[in-house]
Amino acid sequence: MFYVPRNTTGEYVSLVTTVPTWVTVSTPQDESDWVNFVQTIEKAYLITWILECIIALVGLAGNAVVLWLLSFHIQRNAFSVYILNLAAADFVFLFVWMTLSIRSFFTGLEFYNEYTLLFLNINIFPYIASLSIITAISTERCLSVLKPIWYYSHHPKYLSAVVCALLWALSLLLSILRMTFCGRLSRIYDGYLCELTDLSIATWLLFCSVLLFGSSLALLTRLLCGSQKRKLTRLYVTVGLTVLVFLICGLPWGIRWFLISSITTWFGIQSFRFRLAAEILSCFNSCANPIIYFFVGSFRKQKKQQRRSLKIILQRALQDIPEENGSEGRPPQETLEMS
């Protein structure tokens with residue numbers, strides 16, 4: 001998004017002094033070409049806002065169902081606590097995006113100002129929390145497979161709740177620091193502290209991404225190629241799909257926001273396209289997690305299908321006991337308890 005000012009006659013003013021550098025790479029010289037260029041940009045943003053609203057509505061409904069079931073209808077264990085917090089982060093992320101998209105419908109490209117940056121800074125909070133929680137999920141499952149005896153004998157009862165609380169606090173701290181030092185609405189804006197804050201956030205995101213990829217790869221290798229192969233359960237399928245979707249759809253937004261923001265002039269119009277694609281993919285990532293849970297929980301090898309409640313389906317998606325001979329295993333609550 002960017003601000004395109006108009007003069008008193010309604011015509012677009014000169015591009016050289018008002019449009020960011022990455023747009024000037026393909027600046028049309030003729031006035032009619034410039035008008036067509038801006039109209040194309042407006043259409044691209046309109047399509048993006050519509051897609052974001054549709055995806056956000058679906059994702060908000062799905063994450064609300066997950067929050068409702070895990071909060072009031074399913075007994076919590078170590079893994080369900082992570083899923084509960086991940087659904088909360090995705091819900092906040094989608095709510096902010098939908099609010100920003102709906103506001104943009106009424107203000108158009110002129111909405112890209114200090115308030116837009118404020119919305120984006122707010123959305124950094126649930127994004128960092130989401131990435132951190134997914135990393136914690138993958139790392140903990142990896143430890144449970146590589147070192148099962150050590151893990152289950154030294155695993156505190158409330159470790160997952162404490163880890164989530166610390167990750168939320170860290171995400172909130174980084175978000176507040178960025179809004180304080182980088183927000184144009186702040187009276188204590190400081191360029192050096194802003195760069196230092198962005199560097200800290202980028203370092204944390206890079207650390208989580210490397211840890212997430214490494215732990216997921218180690219977990220997949222041990223499950224499929226290890227000398228002592230473990231039977232694949234629905235829980236591992238749920239974790240694997242969640243991590244895969246985030247790496248493909250969720251990570252590009254963080255890369256664009258923190259790692260490429262300082263070198264966008266090298267990409268020209270490609271940076272604009274990548275930004276829109278990253279926004280849509282980030283919304284889809286937060287929307288896809290509830291779909292993954294209910295797909296894994298409702299999938300059956302047998303041809304005969306039976307109707308099951310959303311509670312049972314979600315319980316089956318978190319099931320950590322392998323199914324024998326194509327049977328369903330034991331979907332009741334005791335299958336969710338740790339060994």
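The values are calculated or read from the model by the stated rules, or taken from the named source; none is laboratory data. Here the structure is a predicted model, which means the values were calculated and not measured. Please note: Cβ atoms are built from the backbone with ideal geometry, for glycine as well, and neighbour counts cover all protein chains shown. These area figures cover heavy atoms from the full protein model, side chains too; ligands, DNA and RNA do not enter into them. Shrake-Rupley method; radii C 1.70, N 1.55, O 1.52, S 1.80 Å.
Within segment 127-146, residues that are more than 26 Å from L173 (Cβ to Cβ) sit with their Cβ atoms under 7 Å from residues that are of a type in the set (K, R), at 6+ positions apart or across chains, in these pairs: V145/R222; V145/R230; L146/R222. Residue by residue through segment 155-171, note down the ones that are surrounded by 14 or more Cβ atoms within 10 Å (Cβ to Cβ) and under 25 Å from I122 (Cβ atoms). Correct list: A161, V163, C164, L167, W168, L170, S171.
Looking at (1) buried (at least 18 other Cβ atoms within 10 Å of the Cβ); (2) modelled with pLDDT of 95 or more, which is the one condition that is false for L69? (2) is the only condition that L69 fails. Which residues, counting only those in segment 298-339, are of a type in the set (S, T, Y), in a loop (DSSP other than H, G, I, E, B) and either at pLDDT 60 or above or touching a Lys or Arg at 6+ places or on another chain (Cβ under 7 Å) (or both)? Once the filter is applied, which keeps residues that are of a type in the set (S, T, Y), in a loop (DSSP other than H, G, I, E, B) and either at pLDDT 60 or above or touching a Lys or Arg at 6+ places or on another chain (Cβ under 7 Å) (or both), segment 298-339 yields only S309. When F246, F258, F272 are screened for being modelled with pLDDT of 85 or more and assigned to a helix (DSSP H, G or I), only F246 passes.
Step by step: first the residues of segment 28-47, then only those that are β-branched (V, I, T) and either outside any helix (DSSP H, G or I) or modelled with pLDDT under 85 (or both), then the one that is most open to solvent (accessible area, probe 1.4 Å). Which residue is that? Give the steps one after another, and end with the answer.
We begin by selecting, within segment 28-47, every residue β-branched (V, I, T); these are 35, 38, 40-41, 47.
From what's left, either outside any helix (DSSP H, G or I) or modelled with pLDDT under 85 (or both): 35, 38, 40-41.
Working: V35: 42, V38: 3, T40: 87, I41: 6 Å².
Taking the candidates together, the pick is T40.
Being modelled with pLDDT of 80 or more and farther than 27 Å from L206 by Cα is the requirement here; does F295 meet it? The answer is yes for F295. Of the residues making up segment 119-158, those that are over 16 Å from the mean Cα position of the chain (by Cα), within 20 Å of L211 (Cβ to Cβ) and polar (S, T, N, Q) are T139, S144.
I'd like to know if segment 116-133 contains one or more residues that are modelled with pLDDT under 85, outside any helix (DSSP H, G or I) and open to solvent by 50 Å² or more (accessible area, probe 1.4 Å). For segment 116-133, residues modelled with pLDDT under 85, outside any helix (DSSP H, G or I) and open to solvent by 50 Å² or more (accessible area, probe 1.4 Å): absent. Every condition in (1) at pLDDT below 80; (2) closer than 29 Å to T135 by Cβ is met by V58 except one, and the failing one is (1).
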